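The values are calculated or read from the model by the stated rules, or taken from the named source; none is laboratory data. These figures come from a predicted structure and were not determined experimentally. Virtual Cβ from ideal backbone geometry, glycine too; neighbours counted across all protein chains shown. Areas reflect the complete protein model, heavy atoms only, side chains present, ligands, DNA and RNA absent. Shrake-Rupley method; radii C 1.70, N 1.55, O 1.52, S 1.80 Å.
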Amino acid sequence: MSETILHPKVAAALARHAMPHRAVECDPDFADTAAFCEHYQFPPSQGANTIIVASNSEPVQYAACIVLPTTKLDVNRCVRQLMGGRRLSFASAEQTLALTGMEIGGVVAIGLPEDVPVYIDDAVFALPEVLMGGGNRSSKLVLAPGELLRMPQARRVQGLGVPRS
């Protein structure tokens, strides 16, 4: 598929960091990971979700966290420690859109401002390739997880994602 289906910020960052990938078109009604995987018969275990976390104090600080959809983000311990012990919450849809220019269902860490740290759960790197948002609700991105480390603000983190109970 053409690069034009990806959000322009995402396409530019992929090119800037020389990250090999595939762009995949999708119906916006199936943009959320679970719906996409079910509709397009893609294994949910090969997805990687980007979750934006925000501090609860001024000035607000953000981080992008990438975890497998089969896990949940350890905000209260792991991310809190990474962000210096601040009180945190999941960024609202409005905060996410303002920071990233991307809608929920298509958010990806690729193309974010470089002062936003990107934390990637160690388990993501066990996969040969991962499915991620394309920056909008009409595209997805498939790439080898190691490519994410080409972003200067990206960091591999043990225990970022924890098993769902």
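Here are a few things to note about the model shown:
- In the range 55-76, the residues that are over 12 Å from A123 (Cα atoms), in contact with a Ser or Thr (Cβ under 6 Å, 6 or more places away or on another chain) and either among the small types (G, A, S) or part of a strand (DSSP E or B) (or both): A64
- Number of residues in the range 27-51 that are open to solvent by less than 10 Å² (accessible area, probe 1.4 Å) and not in a helix (DSSP H, G or I) equals 3.
- Among the residues making up the range 139-165, a single one is open to solvent by less than 30 Å² (accessible area, probe 1.4 Å) and among the charged types (D, E, K, R): K140.
- Residue tally, condition in contact (Cβ under 8 Å) with a residue 12 or more places away in the chain, of a type outside the set (A, V, I, L, M, F, W, C) and within 22 Å of L112 (Cα to Cα), over the range 9-41: 9
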